[in-house]
Amino acid sequence: MSESPAAKPKLHVDPYEKNWMRFTIILLIVFAAAVTVAGFALGFQVPSPEERVDPNNLTGPWENPGLRELSPDIYDLYIIANSATWQFDPRDVEVPVGSTVTFYVTSTDIQHGFKLQDTNINMQIVPGQVSKLTYTFDKVGEYPYICTEYCGVGHAAMFGTLTVVEQ
Ligand code: CUA
């Protein structure tokens with residue numbers, strides 16, 4: 001007996017398994033919607049590696065980290081995370097309210113984190129790479145920045161403060 005090609009058996013999928021396949025597809029749609037809302041409506045930013053540097057020989061703006069005023073209310077801020085001293089350099093920064101600050105952060109040695117409280121600035125800091133994100137400060141106040149990745153005995157001491165003051 002020979003089977004004709006038209007009489008191919010149908011693929012049998014258990015109804016229980018079919019429901020899990022449906023559930024998985026719905027989950028994927030929910031995740032895609034969540035990422036879209038986070039990125040376009042809530043302003044989530046993904047830090048991209050801005051440039052590569054030599055962590056043993058930081059040159060240019062890194063020789064004198066800190067704030068650079070590019071034009072009124074527009075700043076670049078260079079911060080070095082360092083675990084020889086377990087601190088961010090600089091540790092205190094002050095900008096007037098309404099300022100747009102672009103953060104450039106790198107590490108001289110090991111991996112750190114950089115999170116600016118009450119903002120969407122949260123980046124991984126990797127030696128040899130510069131992480132970059134931008135934020136506009138519309139409210140006066142203190143914005144502590146902390147290391148969010150365990151980096152050794154001084155991890156808990158790694159913090160600084162960005163203060164936003166009246167114009
Ligand atoms: Cu630096 Cu934790």
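Here the chain is assigned +1 on the Cβ of each Lys and Arg and -1 on the Cβ of each Asp and Glu. Its dipole about the Cα centre then comes out at about 920 debye. Of the residues Thr59, Ala33, Gln45, the one whose Cα sits farthest towards the positive end of the charge dipole of the chain is Ala33 (charges of +1 on Lys and Arg Cβ, -1 on Asp and Glu Cβ, taken about the Cα centre).
Go ahead and run the numbers for FRET between Glu94 and Trp20, Cβ-Cβ distance against an R0 of 45 Å, rounding to 0.05. The partial results should precede the final answer.
Working: r = 55 Å, r/R0 = 1.23.
That pair, Glu94 with Trp20, gives E of 0.20.
Relative contact order of the range 98-167: 33 percent, from C-alpha pairs under 8 Å at least 6 residues apart in sequence. Picking from Pro127, Pro15, Pro49, which is most flexible by a Gaussian network model of the chain using Cα springs under 10 Å? So, out of Pro127, Pro15, Pro49, the one fluctuating most is Pro15. Projecting the Cα positions of Pro90, Pro127, Tyr78 onto the charge dipole of the range 67-133 (unit charges on Cβ atoms of Lys, Arg, Asp and Glu, taken about the Cα centre) puts Pro127 furthest along the positive direction. Would any residue of the range 95-114 have its amide N under 12 Å from a label point 7 Å out along Cα→Cβ of Gln167? List them or say none. Under 12 Å, as judged by backbone N against the label point of Gln167, lie 96-99 of the range 95-114.
Taking every pair of distinct Cα atoms and averaging 1/r, then inverting, what Kirkwood hydrodynamic radius in Å comes out for the range 39-164? Don't skip to the answer; put the middle values down first.
Details: mean 1/r = 0.0685 Å⁻¹.
That comes to 14.6 Å for the range 39-164.
Sites listed here are chymotrypsin sites (Phe, Trp or Tyr not before Pro) in the range 104-167 whose DSSP assignment is loop and whose Cβ has at most 14 other Cβ atoms within 10 Å: Tyr150. Here the 3J(HN,Hα) profile of the range 27-42, calculated from phi with Karplus coefficients 6.51, -1.76 and 1.60 at θ = phi - 60°, is 4, 4, 5, 4, 4, 4, 5, 4, 5, 5, 5, 4, x, 9, 9, 9 Hz, Gly and Pro shown as x.
The numbers here are math on the coordinates, done by the rules we state, and not lab data. Just so it is clear, the model here is predicted, and its values are computed rather than measured. Glycine gets a Cβ as well: all are built from the backbone with ideal geometry, and neighbour counts include every protein chain shown.
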